[in-house]
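For reference, the structure is listed below as structure tokens.
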Amino acid sequence: MKVEVGEHLISLEEQARRAREYVETQTKVKEAELGLCKKLLGGLLEKKAKLEGELSLARQASAAKVAAEEQDEVTLVTLKGSLRKIELEIEEQLVKLDGEKDRLRDIELNRRFVEGEIKREESLCADLQAKLDALRQKTSALSAAEAAQGNAASSLNELEAVIHDSRELVNQLALICGALGRDNAPKLLEQKEIEATINLKRELLESEYQRSEQELDRTRFGLQAHRSELDAIKPATPSEMAAALSALKAERDKLRLEISELEEKVRREGSAEKAAGDATNALEIALAKLEGEMLGLTEKVAADYSLTVQELDALPYVVANVAKTRTDVEAGKQRLRDLEPVNLMAIEEFERTKERLTFIDAQLIDLNAARENLRNLIIELDQRAEDSFTQTMSQLSSVFSETFAKLFAGGEAKVALAPGTPVLEADIEISVRPAGRKWLPLALLSGGERSLCAIAILFSLLKIRPSPFCFMDEVDAALDEANIGRFTEMLKDFSAATQIIVITHNKRTMAAAANIYGITMEEPGVSKVISMKLSETAI
């Protein structure tokens, strides 16, 4: 085993050397790479802080420009609203001016119409006045005719005139009756009815006169109203509206100028805001790129070395020259690739094997010493065993002869070791000579005799080395009745110092026992243990 462990140690030594070199190179590469990452990360953090400051300023400037542009846009919207309002007012003024022109034209037409109505009503008033005068004359004539009603001297002309007027009245009355739906029109009265006709005519004339007066009053009232309306019609001059329109146009032009200037300002501010936005975007892109580099570096450190940024910052590794450190790292990695494949467990296995070899050497020394001690002890124990065995065999030979003579009722026996071999390795030769017979070896005896010889040897050993307990299983099976008696007597002799348990089917052996234990089956399939104490009687 030591040779195997030594050969294994020799094979592991070269692997362990390569593994140590690999680990040392890997440690140097790790320290250099961590220092380089720490240096690069510190530079990136400084750049990030600077970019964040510039980005904050750019965002503030952009926000201020956006606020100014929004304010200008609000002002522009307000001005455009004002301009729209003024333009609406101008349009309203123009509409009013057109409406005023239409109104002046309508006033002129109305004036002409009123003047025509006045002339017509004046003519109507004159006609009504003439009609009234005619009615007065007719009324006077009727009054005169009534006064001279019975005078035959009235002239024919007046009578004809009255008749003519009466006919007209009758015709008018017929028209009125026709309008009222009457079927019978009045007819020309006879001479005797003239008086009644004249009275009716007078009434009609008076009614017509009153109606004409009322019509004349209404015509005069309308004439007065039209004259008042004509006096009230005063065409307004459009000079005031033109002045207001000119003022609104001047204000509109001023607002347009302000809007144009403000739009130009908004365009300039938009260009400035776009430039500021482009600068902000460039800074954000640069910052995002920087954060990407930091993230890649952080993930590399976390993946390769399981370190956080805080743990990396706490490491004592410092890099002075970045380019040289990168060259050293690449050279170290190349050396690691050259050493691969390498068994990193070889170092630990080499140390374990070396310790095991040292332990095996120590154990081998202890085993050699223990072997020598065991050899000496074996020699000593063999000597003691040989002496004890020889002594016991000497005692057994004498005691066995006595016990044999007692069991066989005479005769003698001897026990001896086979000659020519060591005592502890020699065969035991048993020779017996029953009474009246010659010496015989044990193999030439019958089964009962061999069993009895074995019992004799057993009792002889109990005499030499007494035991508190002895167990015998069917030792009396091959004994006849005579030998059973001697066997039971021997049991009684030894039972005083030794508790003997005998398994037997022999009744005489059972009778010699003090206690009997047995198994019985009173019912099929049910076993039962029974015990019995017997009186000490001889069989």
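Observations on the structure shown:
- Unit charges on C-beta of K, R, D, E only; dipole of the range 466-539, Debye: 180
- Shape of the range 286-394 from the C-alpha gyration tensor: prolate (a/c of 1.5 or more and a/b above b/c, with a ≥ b ≥ c the square roots of its eigenvalues).
- A Förster radius of 35 Å combined with the Cβ-Cβ distance from R268 to S246 puts the calculated FRET efficiency at roughly 0.55.
- Loop chymotrypsin sites (Phe, Trp or Tyr not before Pro), the range 420-508 (other Cβ atoms within 10 Å of the site Cβ: 15 or fewer; DSSP): W439
- In nm, spacing of pseudo-spin labels at I10 and L97 (7 Å Cα→C-beta vector): 12.6
- Sequence-ordered 3J(HN,Hα) estimates for the range 504-515 from the Karplus curve with 6.51, -1.76 and 1.60 and θ = phi - 60° stand at 8, 10, 7, 5, 5, 5, 5, 5, 7, 7, 7, 10 Hz, glycine and proline given as x.
- Listed residues V318, T298, A276: farthest to the positive end of the dipole of the range 271-388 (Cβ charges): A276
- The overall shape of the range 266-346, judged from the alpha-carbon gyration tensor, is prolate: a/c is not under 1.5, and a/b is greater than b/c.
- Listed by chain and number, the aspartates and glutamates whose C-alpha is less than 13 Å from the C-alpha of K406, apart from same-chain residues fewer than 8 away, are E489, D493.
- Peptides ranked, highest mean first, by Cβ atoms within 10 Å: ranges 29-38, 291-300: 29-38, 291-300
- Shape call, the range 432-484: gyration tensor on alpha carbons, a/c limit 1.5: oblate
- Normalised by residue count, the range 466-539 yields a Cα convex hull volume of 114 Å³ per residue.
- Gain in span if fully extended, T421 to I259, counting 0.36 nm per residue against the direct Cα distance: 44.1 nm
- Entries of K438/K463; K96/K119; K101/K249; K80/K265; K38/K333; K48/K333 with Cα pairs more than 25 Å apart: K438/K463; K96/K119; K48/K333
- Residues whose placed amide H lies under 5 Å from that of V502, excluding near-sequence neighbours: M472
- Expressed to the nearest 5 percent, the antiparallel share of DSSP beta bridges inside the range 466-539 is 60 percent.
- Rounded FRET efficiency, nearest 0.05, which uses the C-beta distance separating T327 from R20 and R0 of 22 Å: 0.40
Quick note: the coordinates plus some simple rules give every number you see, no bench work behind them. Given the structure is predicted, the values throughout are model-derived calculations rather than measurements. Using ideal geometry, Cβ is built from the backbone for each residue, glycine included, and neighbour counts are taken over all protein chains shown.
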